[in-house]
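**Student:** Have a look at this one.
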There are 2 protein chains.
Amino acid sequence: MTDNSQFSTFDDAALAAEIVRQGDVIKGLKAQKVSKDQVAPHVERLKALKSENEARMAKKNEKQFDRAGLEGLLLKRFFYAPSFAIYGGVTGLFDYGPPGTALQNNIINLWRKHFVLEEDMLEIECTNLTPEAVLKTSGHVDRFADYMVRDVKTGEIFRADHLVKQVLNSRVDTDLAIKNGSFDKKKLAKGKPVPEPLAAGMREEYEMVLESLDNYQGDDLWKLMQKLEIKAPETGNDVTEPKLFNLMFETQIGPTGQFKGYLRPETAQGHFLNFKRLLESNQDQMPFASASIGKSFRNEISPRQGLLRVREFTMAEIEHYVDPLKKDHPRFDSVKDIELTLYPGDLQLKGAGTIKMKMGDAVAKGIVNNQTLGYFICRIYLFLLRIGINPTKLRFRQHMANEMAHYASDCWDAEILSSYGWIECVGCADRSAYDLTAHSKATKEKLVVRESLPEPIVRDVVILEVKKAVFGPAFKSNAKHVMGYLGTLLADGEEWDEARMKEGLTQWDAAKLKALEAQLKAGNGSTTITGTDGNKYVLTDKMVQVVEKTEKIHIREYVPNVVEPSFGLGRILYSLLEHVWWIREGDDEARNVLSFNPAVAPTKALILPISSNEQFNPFIKSIADSLRREGVSTRVDDSAASIGKRYSRNDELGTPFAITIDFQTVKDGTVTLRERDSLKQIREDIATVTRIIKELVEERISWADVEAKYTAFTGQEV
Amino acid sequence: MTDNSQFSTFDDAALAAEIVRQGDVIKGLKAQKVSKDQVAPHVERLKALKSENEARMAKKNEKQFDRAGLEGLLLKRFFYAPSFAIYGGVTGLFDYGPPGTALQNNIINLWRKHFVLEEDMLEIECTNLTPEAVLKTSGHVDRFADYMVRDVKTGEIFRADHLVKQVLNSRVDTDLAIKNGSFDKKKLAKGKPVPEPLAAGMREEYEMVLESLDNYQGDDLWKLMQKLEIKAPETGNDVTEPKLFNLMFETQIGPTGQFKGYLRPETAQGHFLNFKRLLESNQDQMPFASASIGKSFRNEISPRQGLLRVREFTMAEIEHYVDPLKKDHPRFDSVKDIELTLYPGDLQLKGAGTIKMKMGDAVAKGIVNNQTLGYFICRIYLFLLRIGINPTKLRFRQHMANEMAHYASDCWDAEILSSYGWIECVGCADRSAYDLTAHSKATKEKLVVRESLPEPIVRDVVILEVKKAVFGPAFKSNAKHVMGYLGTLLADGEEWDEARMKEGLTQWDAAKLKALEAQLKAGNGSTTITGTDGNKYVLTDKMVQVVEKTEKIHIREYVPNVVEPSFGLGRILYSLLEHVWWIREGDDEARNVLSFNPAVAPTKALILPISSNEQFNPFIKSIADSLRREGVSTRVDDSAASIGKRYSRNDELGTPFAITIDFQTVKDGTVTLRERDSLKQIREDIATVTRIIKELVEERISWADVEAKYTAFTGQEV
């Protein structure tokens, strides 16, 4: 809900009038040349009014959008379909058919170009199967869970927050219908009384709950559900107390039945575990990024909303490793003037709307935390536009503290507006040093960057010096047990590492060293300690010495921070389908069109002969072969259907260009090239047309360029 | 084992001499102009001798191949590495690092071009998660299993057939070593006696068992193991009786804990389940193919051999649907003259070697069953050559009946020779109508092609005619129960389908109809039957009539056969790595080189300035940008290392071209272009060099073309 609740008393007409009035107020103030500060709150109010208006428009749009119409088209043309349909299907699993797969492949190819190639990232591929220990460390085993409840009688299962949402929304809608007289009694179950309208203040309370539902966990959630008397909607039965259900798919690796694994819920962990090799691959240079495209799995409690909430999905994730002290970005200048729709956390708290702002300003004002985060937000924006997302239906929303994932320190979502509302399609989180630190602790493997300092750092330290010449001979083969004891004097998280000790990087536990020093003093230079084998050994100040000194450190060691742009490809793909779909009013009947841009269109060119005359065959073959050689995917449609029907079928598949072969072709080797959206045509020789198509697909030219350069062909194909 | 046992008495030198002698024999016969039939057996013997010689060479090659050297290089350059290494790793799981991922992506892109684009296939993407019912039907739940045994004391687990193989091979090797005096007593465990040499005939018996191990199942396998006294090799302990272990990873879908699923063991089932939609997408035209690239999962009992036997792997699978009566292929002519190394089943039985043969002849002689299978074998061959597989290390081996998968009616494997021996990398199976028929039966969904016949088929049939006008009013709301009874008179696998009945496609059970007719006659035109509700109803000859008639059928309905080329990408990738690896003897030290062809090379061009002079920076940027715009992946190496070190690093990554920027560049804008294998260079302006690289990568020209056209540059970079 993005409502600005302060405007809830305005109906739509009143809101429109208020926007005009507020504009006048500002004009008046400006005419009086009052100070900026005095105008500012009025401008804020105008922005909020406009955003409320936009939100209402969006909501209307959502209601008017003929989703069933689009879904029918997508199923008919097999963009995607429920998996295992002939076995009754499994909710939350979808197969992509030929146009859907080609569309996804093209989006992935552009993604690789836009990120991996243009940003010189290191692409990797890690396994889906993941052992429990890794996901225990990452926090997923303990925290990657949703609350579920059961209908106490039927056993039907609901995701608790979704159930609360569904019940409250339905109560609000019913209330509204009763109040404006549109309530349909026929829809009531037999014998059920017409519900009472909500008591005063209840609607507002419900809306507040809906807004803050993410805050309710465990006992609080259960109390809330009891207070709101949430029941199973179909049966009216009570539901059980919410129980946490882990969303990972569990399996056993290997034949022993004792090695638990999961299907990864994100691709990120694989990057982190390979950090050392990746840094090495990048010749130890910072910053750098790894990238990965692959499946992830979430065992949703009750998946719905088509491709938006599924149990298996393709993600494209980037982990950009950056020095926490240098979060500026070398190419930030190239994006700083891009204006974006932002929805920062504080505006959400105030219930105010979004703002438009240049990224340079957003970082300067601290709205976006740093250049690196800002750079990636802009690159995400440019990518989404590049594949055809409508920029007026795209915003970047900052996560509120209560919705942040357990590993994130800041997060902005690219949200795309579709008939389902504003949907998170790309997350851009600053995971800080969370994961690398956690894996490092769990495995005792240092996941750090070591950097030569231009100027050594000078600092006071307490260290333990071990006199090898005395120590070794004194303990002989037991030396390792005594060394083990000395290891317990290191600071938390440190390991015994001679090389690092020499560089002064090792941190000791000063208090423990002081205690040892005191013991040695008390024992006149000797004390008894317990080795790691459990035996007692006598340690003397000839062997070890606690030293306070000033050290010069030439090496800086740090755990990099990670900025993670994470793309849900299925969500992006579905949103794109909504954005490019429209209906062309035709002479005979309305036609579906999917206006993919040439770079993402599943098939680039349709090749069709005007009739089944055999003279056309060599031309079909030669055009198809030459486009194929150029890597341009085509379809030949030489079926008996009318040319209009064949065009129409390809509009539904979103094929941007059609090459028609007619009797003129046989005479002079020219063909017509038709563009899907404008229906404009040109007529040129085959070589020219294939070259034009290749350049259009490779985004070197646009259709406008073609129209400007070549004469429109308005004749009929012959 | 590809030994031609008849030659086992020849040592290597004798074999070589025998090949010369046999060649002379044939020349002599030809000089005498004897008939072809008389020469033929001598030619066969020569071929067998040569194949034995090749096999011995291959075996030597295998022993000499420095696998540890290659694996060290691949790990160092992070082509791939054990997954979860910092957690101790999980056997059978590997992550691909940047060069490995790029290599795999390039192979996949070529695969899409070679198959999906050039053959107009329908690419789809189906889910990994698969409900149990589907895999029950496909046979995997019951039959996709290996036998495993445990060490009775330590509990260590072995795959039974691998254990037998390991033990017998070790006995044979030991025997050989004892006999030729190379047995190393130091390698024996303490107190263990030197083993006796094998008794006469034992070695031959072991080799026969090894050859036919696939034949032993269940009890037979157990008896064999007991007879051979197979023990756990390290401990010498007894092992348990073999138990079947299903190789699929099991999980639960959804929160109920009652919906069992598996990770798919192959991508094929998803194709079959979508058959109806795919046929529709292809506008009901046959034949056609679907293609899919994705992960598959097999819970191997004890994975080993690096990338060759893993638990999670990428497959590329094609399902080509073909009319069982028309297995010719329209483009067979384009491949018929390709000569391949074939290893047909009968030659394997005879213990004879492979043969070289043109595919046209192989199909004509019935060695390869049909044109479609032959066409795909050739396309697989061309693909493997295209990515750089050495054709002398590639053969196509026909499956023997005992090793055929449960669904296959014929199968040829593309086997690639590596240090692990001949490894199956692509299967090309004729799955006949197995899967579509099985899913059809399980779901009652017809997975068939319906084809209008040019000439109607006339045939005699027995059918049941239902007189609706009498039937309906007689039974009213009970009509469906009586109809249910009539449904039981249909032939096995038929469903009640009015549309198909009208077309005469429905098959009745003639015997049941005759029985009903007899009952009606016996009851003077009426009989009592049991409806599907369990109640009795009286049926009369006014309502139904058994009719024998001659029908004209205009529609042919058939379940297509499926030819399945199935690629294991990890195995292909590893084999390729072995084939392209070599050592360049250098001035100072030997250097690793991976000679990828430009199309598959992970990075296409290295850009390097001769020193860190700032004057070079604009050139680096402009070359990198222009190659990037063309989609050519590059790496800049401006590190301080010597130019030789930097070349060397990129030889190890298999980067085929290097562009060097020097002071001449600053003067006249020319750069040198170095080719990795020949070390030859040319010097041209930047635009020319970037164009040349693009054309090389797109396989439009070869390096030989470049050398022919441009002057070699032999000067030193300045």
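**Student:** Tally up the residues in segment A:466-475 that are open to solvent by 40 Å² or more (accessible area, probe 1.4 Å) and assigned to a helix (DSSP H, G or I), please.
**Tutor:** Selection size over segment A:466-475: 5.
**Student:** Here is a follow-up. Out of the residues in segment B:247-261 meeting the condition of being in contact (Cβ under 8 Å) with a residue 24 or more places away in the chain, part of a loop (DSSP other than H, G, I, E, B) and out of contact with any helix residue (DSSP H, G or I) (no Cβ under 9 Å at 6 or more places or on another chain), tell me which one is farthest from the other protein chains (Cβ to nearest Cβ).
**Tutor:** Selected residue: B:Ile253.
**Student:** Is it true that some residue in segment A:517-532 is open to solvent by 50 Å² or more (accessible area, probe 1.4 Å), closer than 30 Å to A:Val449 by Cβ and without any contact (Cβ under 8 Å) to a residue 60 or more places away in the chain?
**Tutor:** No, segment A:517-532 contains no residue that is open to solvent by 50 Å² or more (accessible area, probe 1.4 Å), closer than 30 Å to A:Val449 by Cβ and without any contact (Cβ under 8 Å) to a residue 60 or more places away in the chain.
**Student:** Going by the conditions given, is B:Ile572 under 30 Å from the mean Cα position of the chain (by Cα), in contact (Cβ under 8 Å) with a residue 60 or more places away in the chain and not in a loop (DSSP other than H, G, I, E, B)?
**Tutor:** Spelling it out, B:Ile572 is indeed under 30 Å from the mean Cα position of the chain (by Cα), in contact (Cβ under 8 Å) with a residue 60 or more places away in the chain and not in a loop (DSSP other than H, G, I, E, B).
**Student:** Quick check on my filter: what residues within segment B:265-289 are under 16 Å from B:Val559 (Cβ atoms) and either out of contact with any helix residue (DSSP H, G or I) (no Cβ under 9 Å at 6 or more places or on another chain) or not assigned by TED's automatic domain parsing to the domain that holds B:Ala429 (or both)?
**Tutor:** Those that are under 16 Å from B:Val559 (Cβ atoms) and either out of contact with any helix residue (DSSP H, G or I) (no Cβ under 9 Å at 6 or more places or on another chain) or not assigned by TED's automatic domain parsing to the domain that holds B:Ala429 (or both): B:Leu279, B:Asp284.
**Student:** If B:Ala102 meets every condition in (1) open to solvent by 30 Å² or more (accessible area, probe 1.4 Å); (2) in contact with a Pro (Cβ under 9 Å, 6 or more places away or on another chain) apart from one, which number is that one?
**Tutor:** Result: B:Ala102 passes all but (1).
**Student:** Among (1) assigned to a helix (DSSP H, G or I); (2) more than 7 Å from chain A (Cβ to nearest Cβ), there is one condition B:Thr101 misses while meeting the rest; what is its number?
**Tutor:** The one condition B:Thr101 does not meet is (2).
**Student:** Which ones in segment B:263-285 are facing chain A (nearest Cβ under 8 Å) and without any contact (Cβ under 8 Å) to a residue 12 or more places away in the chain?
**Tutor:** B:Arg277, B:Glu280, B:Gln283
**Student:** Output the number of residues of segment A:588-636 satisfying the condition of being among the hydroxyl-bearing types (Ser, Thr, Tyr) and either free of Cβ contacts under 8 Å to residues at least 40 places away in the same chain or under 14 Å from A:Val671 (Cβ atoms) (or both).
**Tutor:** Residues meeting the conditions: 5.
**Student:** For residues in segment A:436-454 being under 17 Å from A:Lys327 (Cβ atoms) and surrounded by 15 or more Cβ atoms within 10 Å (Cβ to Cβ), which is farthest from the other protein chains (Cβ to nearest Cβ)?
**Tutor:** A:Val449
**Student:** Would you mind finding the one in A:Ala658, A:Ala641 that is out of contact with any Ser or Thr (no Cβ under 6 Å at 6 or more places or on another chain), within 14 Å of chain B (Cβ to nearest Cβ), hydrophobic (A, V, I, L, M, F, W, C) and under 26 Å from B:Met121 (Cβ atoms)?
**Tutor:** On inspection, the qualifying residue turns out to be A:Ala641.
**Student:** Same structure, new question: Give segment B:330-355 a look and list any residue that's open to solvent by 30 Å² or more (accessible area, probe 1.4 Å) and over 21 Å from the mean Cα position of the chain (by Cα), or say none.
**Tutor:** Across segment B:330-355, the qualifying residues are B:Pro330, B:Arg331, B:Asp333, B:Ser334, B:Lys336, B:Asp337, B:Asp346, B:Leu349, B:Lys350.
**Student:** Looking at (1) open to solvent by 40 Å² or more (accessible area, probe 1.4 Å); (2) in a helix (DSSP H, G or I); (3) modelled with pLDDT of 90 or more; (4) under 27 Å from A:Ile157 (Cα atoms), which one does A:Glu229 not meet, given that it meets all the others?
**Tutor:** Of (1) open to solvent by 40 Å² or more (accessible area, probe 1.4 Å); (2) in a helix (DSSP H, G or I); (3) modelled with pLDDT of 90 or more; (4) under 27 Å from A:Ile157 (Cα atoms), only one is false for A:Glu229: (2).
**Student:** Can you name every residue in segment A:64-85 that is free of Cβ contacts under 8 Å to residues at least 12 places away in the same chain and either facing chain B (nearest Cβ under 9 Å) or in contact with a Lys or Arg (Cβ under 9 Å, 6 or more places away or on another chain) (or both)?
**Tutor:** A:Leu75, A:Phe84, A:Ala85
**Student:** If a residue must be surrounded by fewer than 20 Cβ atoms within 10 Å (Cβ to Cβ), under 16 Å from the mean Cα position of the chain (by Cα) and either in a loop (DSSP other than H, G, I, E, B) or at pLDDT below 95 (or both), how many such residues does segment B:288-307 contain?
**Tutor:** Here the count works out to 0.
**Student:** Would you pick out the residues in segment B:13-35 that are of a type in the set (Gly, Ala, Ser) and farther than 12 Å from B:Leu46 by Cβ?
**Tutor:** B:Ala13, B:Ala14, B:Ala16, B:Ala17, B:Gly28, B:Ala31, B:Ser35
**Student:** Could you list all residues from segment B:161-203 that are open to solvent by less than 60 Å² (accessible area, probe 1.4 Å), touching a Pro at 6+ places or on another chain (Cβ under 7 Å) and not polar (S, T, N, Q)?
**Tutor:** Listed by number, the residues that qualify are B:Val167, B:Asp175, B:Ile178.
**Student:** Another question about this same structure. Of everything in segment A:239-274, what is among the basic types (Lys, Arg) and open to solvent by 20 Å² or more (accessible area, probe 1.4 Å)? Give them in sequence order.
**Tutor:** Residues satisfying the conditions are A:Lys243, A:Lys260.
**Student:** Before we move on, is A:Ser83 hydroxyl-bearing (Ser, Thr, Tyr), over 26 Å from B:Phe275 (Cβ atoms) and crowded, with 16+ Cβ neighbours inside 10 Å?
**Tutor:** No.
**Student:** Residue under question is A:Ala429, and the condition is that it be open to solvent by 60 Å² or more (accessible area, probe 1.4 Å), under 27 Å from A:Leu279 (Cβ atoms) and not acidic (Asp, Glu); does it hold?
**Tutor:** no
**Student:** Look at B:Glu312 and say whether it is under 22 Å from the mean Cα position of the chain (by Cα), within 14 Å of chain A (Cβ to nearest Cβ) and farther than 24 Å from B:Leu436 by Cα.
**Tutor:** Yes; evaluated as a whole, the condition is true for this residue.
**Student:** Here is a check on your reading of the model: is A:Leu117 open to solvent by 10 Å² or more (accessible area, probe 1.4 Å) and either of a type outside the set (Phe, Trp, Tyr) or at the interface with another protein chain (Cβ under 8 Å from one of its Cβ atoms) (or both)?
**Tutor:** Yes, satisfied.
**Student:** Could you check segment B:615-718 for strands (runs of 3 or more DSSP E) lying wholly inside it with 2 or more residues that are of a type in the set (Asp, Glu), open to solvent by 40 Å² or more (accessible area, probe 1.4 Å) and at pLDDT 90 or above?
**Tutor:** Qualifying strands (runs of 3 or more DSSP E): B:681-685.
**Student:** Within segment B:455-465, is there a residue that is within 14 Å of chain A (Cβ to nearest Cβ), outside any loop (DSSP other than H, G, I, E, B), more than 30 Å from B:Leu539 (Cβ to Cβ) and open to solvent by 20 Å² or more (accessible area, probe 1.4 Å)?
**Tutor:** no
**Student:** Just a yes or no: is a residue in segment B:201-224 hydrophobic (A, V, I, L, M, F, W, C) and either under 24 Å from A:Gln252 (Cα atoms) or part of a loop (DSSP other than H, G, I, E, B) (or both)?
**Tutor:** no
**Student:** I'd like the full set of residues that are more than 10 Å from chain B (Cβ to nearest Cβ) and open to solvent by less than 20 Å² (accessible area, probe 1.4 Å), limited to segment A:127-160.
**Tutor:** A:Leu135, A:Ser138, A:Gly139, A:His140, A:Val149, A:Asp151, A:Ala160 - these are the residues of segment A:127-160 that are more than 10 Å from chain B (Cβ to nearest Cβ) and open to solvent by less than 20 Å² (accessible area, probe 1.4 Å).
The values are calculated or read from the model by the stated rules, or taken from the named source; none is laboratory data. As the structure is a computational prediction, the values presented were derived from the model and not from experiment. Positions of Cβ are backbone-derived with ideal geometry, glycine not excepted, and every protein chain shown enters the neighbour counts. Accessible surface is based on the protein model in full, side chains and every heavy atom, while ligands, DNA and RNA are left aside. Shrake-Rupley method; radii C 1.70, N 1.55, O 1.52, S 1.80 Å.
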